[in-house]
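Undergrad: Take this structure first; my questions come after.
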Amino acid sequence: HALKLAEENSYTFIHPFNDLGVATGQGTIAMEIVQELPLVDYILVPIGGGGLATGVSTLAKLLNPHIKVIGVEPSGAACMKASLEAGHVVKLPRANTIADGTAVLEPGDKIFPYIQENLDGIITVDDDELIAAFLDMVENHKMIVENSGLLTVAALRHLDFQGKKVVSILSGGNMDVITMSSVVQHGLIQRDRIFTVSVLLPDRPGELVRVAQVIADNKGNVIRLDHNQFVTTNRQAAVELRVTIEAFGTDHKRQIVKALEGEGFRPKLINAHL
């Protein structure tokens, strides 16, 4: 539609990434990096269509051919990796990633030759790694970075950069509040900061208090309770209690579960979201 409007109204259509002028403008990021960190060894740059990576890698190599520029793609939309392996632009049949800013099916054909010449490698990152990276950035750096911008943070775990000066380009903060909430929740679950257990209890007074006391004694924080009397037709035999608990991490989670087991509750870990 944009191309149609441009033709009808003599507008100038500017492609978001398959444009040498746009890529050149984005390349100024490399100049800023070298100005602030002249001895940079690696620059990690997110890749969708390839415009940002084209500009950064081309100018970085002009400024210092020894700088290694690594592109980072979501594994669910790795069109640039596929294209580099094929030696020509490849179009993916589909893209499936939470990194919507880089969910591109096909790299730009105008900028692809520059990627071939100047990019030193490609790393692909799974969505689960982006969730963990988002939590790290929020908690440790107080920064909101969109999922595509987090690719370079997640990629730090993929290579051994010991003793090297590495720059991760964070390319944006466009994330709506609902998505942000979901990513934080999943991140807490990944880190065992939130978990849910199911226990079967006889339906008599005091059993719920016993479970809550064990959790409290082990410094767990109950954030949700679900009491299901209909798990069996014999309520005297058992009712199900699902408890969602806040913990400090994996070791603390294990401590709480072990304590419940020690009291004879036979807790079962379940996958559950808030």
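Undergrad: Residue check, Thr12 against (1) under 23 Å from Leu130 (Cβ atoms); (2) in contact with a helix residue (DSSP H, G or I) (Cβ under 9 Å, 6 or more places away or on another chain), all met but one. Which one?
TA: Answer for Thr12: the failing condition is (1).
Undergrad: Sort out which residues of the range 77-98 are crowded, with 19+ Cβ neighbours inside 10 Å and not in a loop (DSSP other than H, G, I, E, B), and write them in order of number.
TA: Ala77, Cys79, Met80, Lys81, Ser83, Leu84 - these are the residues of the range 77-98 that are crowded, with 19+ Cβ neighbours inside 10 Å and not in a loop (DSSP other than H, G, I, E, B).
Undergrad: Pick out the one residue from Pro107, Pro16, Pro74, Pro38 that is touching a Cys at 6+ places or on another chain (Cβ under 6 Å) and either closer than 25 Å to Val167 by Cα or not assigned by TED's automatic domain parsing to the domain that holds Thr152 (or both).
TA: Details: Pro16 fails: touching a Cys at 6+ places or on another chain (Cβ under 6 Å); Pro74 fails: touching a Cys at 6+ places or on another chain (Cβ under 6 Å); Pro38 fails: touching a Cys at 6+ places or on another chain (Cβ under 6 Å).
Going through Pro107, Pro16, Pro74, Pro38 in turn, the sole match is Pro107.
Undergrad: List the number of the failed condition for Asn64; all other conditions in (1) free of Cβ contacts under 8 Å to residues at least 40 places away in the same chain; (2) closer than 14 Å to Ser171 by Cβ hold.
TA: Exception for Asn64: condition (2).
Undergrad: Could you list all residues from the range 200-231 that are assigned to a loop (DSSP other than H, G, I, E, B) and either modelled with pLDDT of 90 or more or surrounded by 13 or more Cβ atoms within 10 Å (Cβ to Cβ) (or both)? Lay out the reasoning, then the answer.
TA: Kept after step one, since they are assigned to a loop (DSSP other than H, G, I, E, B), are these residues of the range 200-231: 202-206, 218-220, 229-231.
Across the range 200-231, the qualifying residues are Asp203, Asn218, Lys219, Gly220, Val231.
Undergrad: I would also like to ask the following. Answer with yes or no whether Val69 is in the same structural domain as Ile111 (by TED's automatic domain parsing), at pLDDT 95 or above, surrounded by 15 or more Cβ atoms within 10 Å (Cβ to Cβ) and part of a loop (DSSP other than H, G, I, E, B).
TA: Details: in the same structural domain as Ile111 (by TED's automatic domain parsing): yes; at pLDDT 95 or above: yes; surrounded by 15 or more Cβ atoms within 10 Å (Cβ to Cβ): yes; part of a loop (DSSP other than H, G, I, E, B): no.
No.
Undergrad: In this structure, is Gly101 of a type in the set (Gly, Ala, Ser), touching a Ser or Thr at 6+ places or on another chain (Cβ under 8 Å), closer than 19 Å to Asn18 by Cβ and buried (at least 24 other Cβ atoms within 10 Å of the Cβ)? Talk me through it step by step, then tell me what you get.
TA: Details: of a type in the set (Gly, Ala, Ser): yes; touching a Ser or Thr at 6+ places or on another chain (Cβ under 8 Å): yes; closer than 19 Å to Asn18 by Cβ: yes; buried (at least 24 other Cβ atoms within 10 Å of the Cβ): no.
Criteria not met by Gly101.
Undergrad: Find the residue count for the range 24-41, including only residues that are touching a Ser or Thr at 6+ places or on another chain (Cβ under 9 Å) and not in a helix (DSSP H, G or I).
TA: Within the range 24-41, residues that are touching a Ser or Thr at 6+ places or on another chain (Cβ under 9 Å) and not in a helix (DSSP H, G or I) number 1.
Undergrad: Looking only at residues that are under 19 Å from the mean Cα position of the chain (by Cα) and free of Cβ contacts under 8 Å to residues at least 60 places away in the same chain in the range 157-171, which one is surrounded by the fewest Cβ atoms within 10 Å (Cβ to Cβ)?
TA: Arg157
Undergrad: Here's a follow-up. Among Phe112, Phe134, which is the only one that is of a type in the set (Phe, Trp, Tyr), surrounded by fewer than 24 Cβ atoms within 10 Å (Cβ to Cβ), touching a helix residue (DSSP H, G or I) at 6+ places or on another chain (Cβ under 7 Å) and closer than 22 Å to Ile43 by Cβ?
TA: On the way: Phe134 fails: surrounded by fewer than 24 Cβ atoms within 10 Å (Cβ to Cβ).
Exactly one residue qualifies, and that residue is Phe112.
Undergrad: Quick one: Ile122 ticks every box in (1) in contact (Cβ under 8 Å) with a residue 60 or more places away in the chain; (2) among the aliphatic types (A, V, I, L, M); (3) closer than 15 Å to Ser171 by Cβ except a single one, so which number is it?
TA: (3)
Undergrad: Next question, about the same structure. Tell me which of these Ala154 doesn't satisfy, since it passes every other one: (1) hydrophobic (A, V, I, L, M, F, W, C); (2) surrounded by 18 or more Cβ atoms within 10 Å (Cβ to Cβ); (3) not in a helix (DSSP H, G or I).
TA: Every listed condition holds for Ala154 apart from (3).
Undergrad: Name the residues in the range 131-151 that are within 28 Å of Lys61 (Cβ to Cβ) and either in a helix (DSSP H, G or I) or without any contact (Cβ under 8 Å) to a residue 24 or more places away in the chain (or both), would you?
TA: Ala133, Leu151, listed by residue number.
Undergrad: While we're on this one: What do you reckon, is Lys110 in a loop (DSSP other than H, G, I, E, B) and charged (D, E, K, R)?
TA: Numbers: in a loop (DSSP other than H, G, I, E, B): yes; charged (D, E, K, R): yes.
Yes: the conditions hold for Lys110.
The values are calculated or read from the model by the stated rules, or taken from the named source; none is laboratory data. All of these numbers come straight from a predicted model, not from anything done at the bench. Please note: Cβ atoms are built from the backbone with ideal geometry, for glycine as well, and neighbour counts cover all protein chains shown.
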